[in-house]
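Engineer: Can you read through this structure? Questions will come right after.
The values are calculated or read from the model by the stated rules, or taken from the named source; none is laboratory data. Treat the numbers as computed from the prediction; the structure is a model and nothing was measured. All Cβ positions, even for glycine, are placed from backbone atoms using ideal geometry, and neighbour counts span all protein chains on display.
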Amino acid sequence: MSYPVTLIPGDGIGPEVSHAARRAIDATGVSIDWEIAELNSDLILKTGQSLPQNVLVSLDRTRVGLKGPVSTPIAGGFSSVNVALRKKLDLYANVRPVRSLPGIASRFSDVQIDMVIFRENTEDLYAGIEHEVVPDVVTGIKVITRTASIRIAEYAFNFADRVRRKRVAAIHKANIMKLADGLFLRCCREVAARHPHIEYKELIVDNAAMQLVMRPEEFDILLLPNLYGDIVSDLCAGLVGGLGIVPGANMGDTHAVFEAVHGSAPDIAGKGIANPTAMMLCGVLMLTHLKELGAANRLQGAIEAVYAAKKHTTGDVGGHSSTEEFTGAVIAAIK
Ligand code: ATP
């Protein structure tokens with residue numbers, strides 16, 4: 001049997017890393033019926049549609065997507081399609097496993113980092129509600145709801161139960177945003193009380209940033225609203241060697257779209273040097289979601305073997321190989 005999957009190459013380094021990930025996933029022997037759906041900034045500017053219908057139609061059919069990054073203009077231009085897609089399909093849980101890989105000379109290579117970030121994916125300041133009150137005075141509205149906060153907390157605690165993780169840290173700034181972050185915290189506490197066997201603690205986001213850098217090995221599951229989740233994800237990526245190696249999953253009740261933490265990295269696009277590890281690890285998450293656990297383990301094992309051998313890694317993690325050489329090495333290592 002073949003699994004239908006929507007492949008969205010995206011733009012910037014997206015097409016390079018998603019092509020590499022597709023080859024590595026295919027090399028596991030699992031049969032995937034890839035449906036290519038173009039979604040990139042050129043297309044959006046040309047059609048004026050931020051979420052072309054073909055992408056939604058395909059994802060409605062397949063229910064599973066592997067997505068490269070799509071560039072978002074800064075301070076103006078069209079709104080983020082990455083955010084729009086998450087909202088449209090109600091992909092409310094953004095799940096990002098951050099794990100040390102063997103052989104990477106990061107600043108923290110002497111500690112074993114293994115945490116999973118659960119970032120609320122549909123509201124907060126990402127609601128994009130901004131208003132110019134009078135010239136030079138702008139307000140932005142932070143939206144926090146009980147519904148969204150409870151469901152991301154449930155998602156994180158249920159995950160902890162399923163994979164036997166022991167500690168959840170909710171991250172907030174409720175000392176300042178007493179109502180908005182206060183509501184988020186109350187919801188986390190309510191869910192935590194239903195899971196008394198899981199250790200629960202709360203950290204103010206600035207303190208969490210420091211603790212993550214001082215003692216990253218002590219963190220297990222991080223539970224955050226949308227904006228802190230975005231910032232803390234990049235911080236955590238930095239702890240294990242950078243954005244090139246951290247995958248992510250956007251999960252809803254009906255659809256799942258797997259997408260790396262990194263963006264379109266225009267500075268290195270088209271040069272053949274992007275690290276496709278994050279997208280390949282998205283492939284591992286996707287194979288796990290499809291219940292192809294053997295293939296997921298084989299792909300994960302191959303990636304780890306290539307890192308451990310230190311011969312075919314890309315420049316962002318201190319190596320000298322191209323995207324193509326790294327991909328070839330991973331495929332050769334799949335057992
Ligand atoms: P966005 O705001 O769109 O999420 P970002 O702020 O996370 O984007 P990126 O586009 O991911 O930024 O790039 C940040 C830096 O990390 C860039 O210098 C880029 O070259 C580097 N980088 C990101 N992804 C990779 C990758 N897969 N391989 C190598 N370098 C990468």
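Engineer: It is to be established whether one or more residues within segment 316-335 are hydroxyl-bearing (Ser, Thr, Tyr), within 22 Å of the chain's Cα centre (by Cα) and more than 17 Å from PRO9 (Cβ to Cβ). Don't jump to the end; show me each part of the working.
Structural biologist: Looking only at segment 316-335, we keep the residues that are hydroxyl-bearing (Ser, Thr, Tyr), and these are 321-323, 327.
Adding the requirement that they be within 22 Å of the chain's Cα centre (by Cα) leaves 323, 327.
Pick out the ones that are also more than 17 Å from PRO9 (Cβ to Cβ) and you get none.
No - not one qualifying residue is present in segment 316-335.
Engineer: Another one. Any residue in segment 90-115 that is small (Gly, Ala, Ser) sitting within a Cβ distance under 6 Å of a residue that is part of a loop (DSSP other than H, G, I, E, B)? List the pairs, counting only those 6 or more apart or interchain.
Structural biologist: These pairs meet every condition: SER100/GLN112; SER100/ILE113; GLY103/LYS310; ALA105/GLY318; SER106/GLY241.
Engineer: Hey, another quick one. For segment 3-100, give me every one of the strands (runs of 3 or more DSSP E) that falls completely inside it and has 2 or more residues that are surrounded by fewer than 22 Cβ atoms within 10 Å (Cβ to Cβ) and either at negative phi or over 18 Å from the mean Cα position of the chain (by Cα) (or both).
Structural biologist: Numbers: elements: 3-8, 32-36, 64-67, 93-99.
Answer list for segment 3-100: 3-8, 32-36, 93-99.
Engineer: Right, here's the next one. Assuming ILE144 fulfils every condition listed in (1) modelled with pLDDT of 95 or more; (2) surrounded by fewer than 21 Cβ atoms within 10 Å (Cβ to Cβ); (3) closer than 23 Å to PHE159 by Cα apart from one, which condition is it?
Structural biologist: Result: ILE144 fails condition (2) only.
Engineer: Right, next: Any chance segment 179-200 includes a residue that's within 27 Å of MET279 (Cα to Cα), crowded, with 17+ Cβ neighbours inside 10 Å and touching a helix residue (DSSP H, G or I) at 6+ places or on another chain (Cβ under 9 Å)? I'd like the intermediate steps shown before the answer.
Structural biologist: Start the filter on segment 179-200 by keeping residues that are within 27 Å of MET279 (Cα to Cα), which leaves none.
Within segment 179-200, not a single residue is within 27 Å of MET279 (Cα to Cα), crowded, with 17+ Cβ neighbours inside 10 Å and touching a helix residue (DSSP H, G or I) at 6+ places or on another chain (Cβ under 9 Å).
Engineer: Could you grab me the full set of residues in segment 245-271 that are in contact with a Leu (Cβ under 7 Å, 6 or more places away or on another chain) and farther than 20 Å from ALA153 by Cβ?
Structural biologist: ILE245, PRO247, HIS255, VAL257, PHE258, VAL261, HIS262
Engineer: Have a look at VAL317, VAL246, VAL257, VAL261 and point out the one that is crowded, with 17+ Cβ neighbours inside 10 Å, more than 10 Å from the ligand (Cβ to nearest atom) and in contact (Cβ under 8 Å) with a residue 12 or more places away in the chain. Please lay out each step first, then the result.
Structural biologist: Details: VAL317 fails: more than 10 Å from the ligand (Cβ to nearest atom); VAL246 fails: more than 10 Å from the ligand (Cβ to nearest atom); VAL261 fails: more than 10 Å from the ligand (Cβ to nearest atom).
It is VAL257.
Engineer: Test each condition in (1) part of a helix (DSSP H, G or I); (2) within 16 Å of the ligand (Cβ to nearest atom); (3) in contact (Cβ under 8 Å) with a residue 60 or more places away in the chain; (4) over 22 Å from ALA156 (Cα atoms) for ALA274 and report the one that comes out false.
Structural biologist: (1)
Engineer: Would you kindly identify the strands (runs of 3 or more DSSP E) lying entirely within segment 107-219 that contain at least 3 residues that are closer than 22 Å to LEU235 by Cα? Lay out the reasoning, then the answer.
Structural biologist: Numbers: elements: 114-120, 124-134, 137-143, 167-172, 199-204.
The qualifying strands (runs of 3 or more DSSP E) are 114-120, 124-134, 167-172, 199-204.
Engineer: For segment 282-314, what are the residues that are free of Cβ contacts under 8 Å to residues at least 40 places away in the same chain, within 16 Å of the ligand (Cβ to nearest atom) and part of a helix (DSSP H, G or I)?
Structural biologist: Answer for segment 282-314, where residues must be free of Cβ contacts under 8 Å to residues at least 40 places away in the same chain, within 16 Å of the ligand (Cβ to nearest atom) and part of a helix (DSSP H, G or I): VAL284, VAL306.
Engineer: Also, I was wondering about something else. LEU203: touching a Cys at 6+ places or on another chain (Cβ under 8 Å), within 30 Å of ARG186 (Cα to Cα) and more than 16 Å from the ligand (Cβ to nearest atom), yes or no? Show your work before the answer.
Structural biologist: Values: touching a Cys at 6+ places or on another chain (Cβ under 8 Å): no; within 30 Å of ARG186 (Cα to Cα): yes; more than 16 Å from the ligand (Cβ to nearest atom): yes.
No: the conditions fail for LEU203.
Engineer: Let me ask something additional. Return a yes/no flag: does segment 147-169 have any residue that is exposed (fewer than 14 other Cβ atoms within 10 Å of the Cβ), more than 28 Å from GLU259 (Cα to Cα) and of a type in the set (S, T, N, Q).
Structural biologist: no
Engineer: Under 9 Å between Cβ atoms, which residue pairs at least 6 apart in sequence (or on different chains) link something in segment 190-202 that is of a type outside the set (Lys, Arg) with a partner that is crowded, with 17+ Cβ neighbours inside 10 Å and part of a loop (DSSP other than H, G, I, E, B)?
Structural biologist: If the second residue must be crowded, with 17+ Cβ neighbours inside 10 Å and part of a loop (DSSP other than H, G, I, E, B), the pairs left are ALA192/ILE198; ILE198/ARG165; GLU202/ALA174.
Engineer: Which of (1) assigned to a helix (DSSP H, G or I); (2) farther than 25 Å from PRO216 by Cβ does ALA237 not meet, given it meets every other one?
Structural biologist: Here ALA237 meets the rest and fails (2).
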